[in-house]
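Worksheet: the structure to be examined is printed underneath.
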Amino acid sequence: MQESGLFSISDFAKFSRVTRDTLLHYDRIGLLTPTSRGENNYRYYSGHQLAIVNLIRTLQQLGMTLGEIKELKDQRTPELTYEVLKQQIDRIDKKIRSWVQAKKLLLTIQKTINTVQNIDEDKITVQFLPAEAIVLGCLNDYSNGRALHETLLTFYKDISKKHPDLDMNYYVWGTFSKERIKRGDWVGADRFYFINPEGSDLRPAGFYAIGYMRGGYVHGDALYRRLTEYIDKNGLEICGDAYEEYPLNEVCVTEENNYLMRVMIAVREK
């Protein structure tokens, strides 16, 4: 800082965290003019201009061009400045909501992958699972030869209509009723669902027989047979829905035949 209380351009650049060339550019386009020039034609800036530089940088980071910022500077009034700042604050709030949703999605996927780390894929276990928030669709309609992709499309339409603000970028899995599992009918889910921390439905807390199998989508016959045989041989009975998921899928596995399927069937002792 000079004796006059002004900053040289080098010091001002250091304290404002912009480059000297940036300050020269601001000066050329009339966005930020030095407070004064010395006899040597050196540029000098005042302390209050630090706040102006910080605002310029912030507005740039939010997407405003230097031309738009200069227009605001040239036409500034309290009302105009307030309105521009309000628009930028609204954009920030929108970005925050978007990033929060993105973080929830990534954490859910990360959690799903973590649930199958170091598991014995060949072993069936019975575990108590706490309730988990899900978004559950209506009963699927396969009448008149409706294909699986048609029922899935209906699921998305119904959920988007029922929950227009809900993030739907989650994996979609399927449930099967206990009646269908008992009679060996496990092709075409009764309902679709996705795990979402903001879901208004629940996968109920309780004991589940859990098994795993490698393979592509809709190829789980062998796993369902293993699970139902295990349930019968171990003094258990099916008391609720089965939940079919693929914790390892195309997001983290290159070959479809190496996807990991997990089936969880609600059980209790006979």
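Remarks
- Taken over the range 1-83, the alpha-carbon convex hull comes to 99 cubic angstrom per residue.
- Qualifying trypsin sites (Lys or Arg not before Pro) in the range 55-131, where qualification requires a DSSP coil assignment and no more than 10 other C-beta atoms within 10 Å, comprise Lys123.
- Mean silhouette area of the range 182-236, derived from the convex hull of its C-alpha atoms and averaged over all directions, reads 5.1 nm².
- Measuring max minus min along each principal axis, the C-alpha atoms of the chain give extents of 97, 41, 32 Å (largest first).
- P(r), alpha carbons of the range 109-167 - 10 Å bins starting at zero, rounded %: 16, 30, 29, 24, 1
- The order of the peptides 207-216, 138-147 by mean Cβ neighbours within 10 Å, most packed first, is 207-216, 138-147.
- Distance between modelled label sites at Asp185 and Asn258, nm, 7 Å Cα→Cβ extension: 3.7
- Summing Cβ point charges (Lys, Arg +1; Asp, Glu -1) relative to the Cα centre of the chain gives a dipole of roughly 500 debye.
- The range 15-45: trypsin sites (Lys or Arg not before Pro) in DSSP loop, at most 14 other beta carbons within 10 Å: Arg17
- Cα-centre dipole for the range 161-270 with unit charges at Cβ (Lys and Arg positive, Asp and Glu negative), debye to 20: 420
- Over the range 23-169, the ratio between the Cα radius of gyration and 2.2 N^0.38 Å evaluates to 1.90.
- Relative to the dominant Cα principal axis of the chain, helix 221-233 is inclined by about 60°.
- Based on the Stokes-Einstein relation at 10 °C and a viscosity of 1.306 mPa s, and on the Kirkwood radius from alpha carbon pairs, the range 155-270 is assigned a translational diffusion coefficient of 104 µm²/s.
- With only the Cα atoms considered, the range 44-121 has a convex hull volume of 139 Å³ per residue.
- FRET efficiency, 1/(1 + (r/R0)^6) with R0 22 Å, evaluated for His48 and Leu85 via beta carbons: 0.75
- With Cα atoms as the point set, the radius of gyration and Dmax of the range 136-205 evaluate to 12.7, 38 Å.
- Helix 78-114 vs. the chain, principal-axis angle (Cα, 0 to 90°, nearest 10): 30
- Between 0 and 90 degrees, the angle of helix 49-61 with respect to the longest Cα principal axis of the chain falls at about 30 degrees.
Each reported figure results from applying straightforward, stated rules to the coordinates on display, with no laboratory input. Note that the coordinates shown come from a computational prediction; the quantities given were computed from them, not determined experimentally. So basically every Cβ, Gly included, is an ideal-geometry build from the backbone, and we count neighbours across all protein chains shown.
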